Amino acid sequence: MLYRLEQLTLSPAGHLSWGGCDAVELAAAFGTPLYVVDEEQVRERCRQYRSAADRYLGDAEVHYAGKAFLNIAMCQLVEEEELGLDVVSGGELYTALKAGFPADRIILHGSNKSQQELEMALEAGVRIVVDSLSELELLEELVSQGRRARVLLRYTPGVRAGTHRFIETGVADSKFGLPSLDACLEAVGRCLDNPAVSLDGLHCHIGSQIVNVAPFAEATEILTGLLGEVKRRFGAELPLLNLGGGLGVRYRPGDRVPSVDEYLAGLGAVIRASLDREGLKPPRVIIEPGRSIVAEAGITLYRAGVAKEIPGVRRYVSVDGGLPDNPRPALYGAEYHAILANRPRERAELTYTVAGKTCESGDIIIREVNLPEVHRGDLVAVFATGAYNYSMASNYNRLPRPGVVFVRNGHARWVVARETYDDLVARDLPL
C-alpha cells in the first residue's frame, strides 16, 4: 500500500492516481463518497496466494472469503483467478450462484444457518461447514429426505489470535464452532455413520486482522492433531484440512504484517511436522483469505465540508460520508490513513480529526491524521477500505450507500451502482 509521497502514483495533473485513474476525475465523474477498488491489485493478490500455496502447502485450495467484499463482479473476478469462494449466508450464496460461480468451488459457513440456507446449499451442491451439533441435527433431517451433504466440521481450537475481541473467533468462549474435543468427535462419528453425509474434513478460523504468524501455527498444530485423533478413534483419514483465513493488512504508515509467503511458509512447516508426528497422509489444505486480498486495493473518496478548530482541543474536518459507509472505527476502534487526493504534494503540517456527517458524536473516521490545511471541496482519500466497508455499509440517517467503481489500467466502471433517495424508500409501505 502506498502512503508516502515518494511512493504514491500521481496523475499528470499532480493528483492521486489509483488504478491508472485520476482521483479528482473519478470524483467528478462518479460522485462522492465513492469506493474505488484497483482491480489489478486484487488480481495480483489472488495470484500471490495461489503461487505461495503451491510452493508451501502442496495440494491446496485458496478460497476467497466473500464476507470481506462481495458482489457479482467480485465473484466473477475470483472465478477468473481460479480461486474458490467462502460464503456465510444465503444472500452471499445467492450472489455467487447468480454470478455463475461453480458450486463445487463454494463453501458455506455460518454459525446459525437457517433451514432455507441449508436447503439452498444442498440443492446447489456446495460444501457445508457444520458449526454445531444442533446444526448437524437439522442437516441430518434434511438429508434424510433423499439428499446428500458434503461437510466439514468447524472446531474451536481455543487459540487467542491477539486481535480485537470482536473479531477473535477461535477462543473457547466463542459463538463459532464445536467447542470441545468430545463434541467434535461426536459429530465425526455421526457423520461417518450416515451414508447421506460425506465428511470431507475439519475446519477452524481463529480471527481476523491477525499480524503474527504464531497463532496460525498453533491452530494448525491443534487441527492436524485432531486429524490424528480421528484416525485413531475411527480409522478414517479425512481428505481436507481447512485452516480459514485472517491474515492482517496495513492500514497506516509503519504497520508491519507478515507477507503471504511468510504466512504460508509458516503453515506449511507446521503441517509437515504435525503430519509426520501423527503418521498421516497429507490432506488437501484449504485457506480462506479475504481482507488480505481486497483491503489494500480499495480507497474511499470523500468531499471535505466543514472544517473547524477548537483552540487547544482539536481541529476537525467533516466529510460527506462516515459511519454508514465505514462503521469499523466505531465498532473496533479501527485506524486509517488519509491524504488530500487533489493536493498530495503539499506538506501535511496540520493534525485533523476526520469526522463523518451523521448525527453521532462517535462518527469519526480517523482520530488524528496529518494533512495540509483543508478547505471545503478538497478531496479526502482514505486508504485500505476495500474490505468490510462496502460489505458493512448501512443507510443510517437515511443516507444512500456509495457505489463501487473498479479501476484498471486507466479505465473505470461501476460494479455497484450508487443508491438514490428513491432506493431508500423503494420498500417502504404507507399506513
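The values are calculated or read from the model by the stated rules, or taken from the named source; none is laboratory data. All figures in this text were calculated on a predicted structure; none of them were measured in a lab. In this analysis, Cβ positions are derived from the backbone assuming ideal geometry, glycine residues included, and neighbour counts consider all displayed protein chains. Just the protein is used for accessible areas: all its heavy atoms, side chains included, with ligands, DNA and RNA removed. Shrake-Rupley method; radii C 1.70, N 1.55, O 1.52, S 1.80 Å.
Mind listing whichever residues of region 58-96 are buried (at least 24 other Cβ atoms within 10 Å of the Cβ) and among the polar types (S, T, N, Q)? Selection gives nothing. Of all positions in region 288-296, at least one carries a residue that is in contact with an Asp or Glu (Cβ under 6 Å, 6 or more places away or on another chain) and outside any helix (DSSP H, G or I).
In region 105-146, of all residues being open to solvent by 60 Å² or more (accessible area, probe 1.4 Å) and assigned to a loop (DSSP other than H, G, I, E, B), the one that is modelled with the highest pLDDT corresponds to N112. Those helices (runs of 4 or more DSSP H) of region 1-104 in which at least 1 residues are among the polar types (S, T, N, Q), considering only elements entirely within it, cover 39-57, 72-80, 90-98.
For region 177-200, the set of residues classified as on the phi < 0 side of the Ramachandran plot and in a loop (DSSP other than H, G, I, E, B) consists of P179, S180, N194, P195, A196, listed by residue number. Taking R47 as the residue in question, decide whether it is within 20 Å of E296 (Cα to Cα), open to solvent by 60 Å² or more (accessible area, probe 1.4 Å) and not aromatic (F, W, Y). Here the answer is yes, as R47 does meet what is asked.
May I ask you to verify whether V285 is at pLDDT 95 or above and under 21 Å from L108 (Cα atoms)? Taking the combined requirement at face value, the residue satisfies it. Quick check on G207: is it more than 26 Å from I128 (Cβ to Cβ), modelled with pLDDT under 95 and of a type in the set (G, A, S)? For G207, the condition - more than 26 Å from I128 (Cβ to Cβ), modelled with pLDDT under 95 and of a type in the set (G, A, S) - is not met. Taking region 206-240, which residues are among the hydrophobic types (A, V, I, L, M, F, W, C), open to solvent by less than 60 Å² (accessible area, probe 1.4 Å) and not in a helix (DSSP H, G or I)? I206, I210, A236, L238, L240 - these are the residues of region 206-240 that are among the hydrophobic types (A, V, I, L, M, F, W, C), open to solvent by less than 60 Å² (accessible area, probe 1.4 Å) and not in a helix (DSSP H, G or I).
Can you pull out the residues in region 241-252 that are under 17 Å from H63 (Cβ atoms) and either open to solvent by 20 Å² or more (accessible area, probe 1.4 Å) or in a strand (DSSP E or B) (or both)? Passing the criteria: L241, N242, L247. The strands (runs of 3 or more DSSP E) located wholly in region 303-422 include none with 3 or more residues which are among the small types (G, A, S) and either surrounded by 23 or more Cβ atoms within 10 Å (Cβ to Cβ) or touching a Pro at 6+ places or on another chain (Cβ under 6 Å) (or both).
Of all the criteria given as (1) open to solvent by less than 50 Å² (accessible area, probe 1.4 Å); (2) in a loop (DSSP other than H, G, I, E, B), the one not satisfied by I271 is (2).
Scanning region 23-44 for residues that are within 15 Å of R408 (Cα to Cα), in contact with a strand residue (DSSP E or B) (Cβ under 8 Å, 6 or more places away or on another chain) and surrounded by 19 or more Cβ atoms within 10 Å (Cβ to Cβ) yields a count of 7.
Conditions (1) without any contact (Cβ under 8 Å) to a residue 40 or more places away in the chain; (2) touching a helix residue (DSSP H, G or I) at 6+ places or on another chain (Cβ under 7 Å); (3) under 29 Å from E40 (Cα atoms), marked per residue:
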| position | (1), (2), (3) |
| --- | --- |
| E81 | yes, yes, yes |
| V88 | yes, yes, yes |
| L93 | yes, yes, yes |
| A96 | yes, yes, yes |
| D104 | yes, no, yes |
| I107 | no, no, yes |
| V130 | no, yes, no |
| E141 | yes, no, no |
| L153 | no, yes, no |
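Conditions tested, residue by residue: (1) aromatic (F, W, Y); (2) in contact with a Ser or Thr (Cβ under 8 Å, 6 or more places away or on another chain).
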| residue | (1), (2) |
| --- | --- |
| Q41 | no, no |
| H63 | no, no |
| L70 | no, yes |
| E80 | no, no |
| Y94 | yes, no |
| L108 | no, no |
| N112 | no, no |
| L118 | no, no |
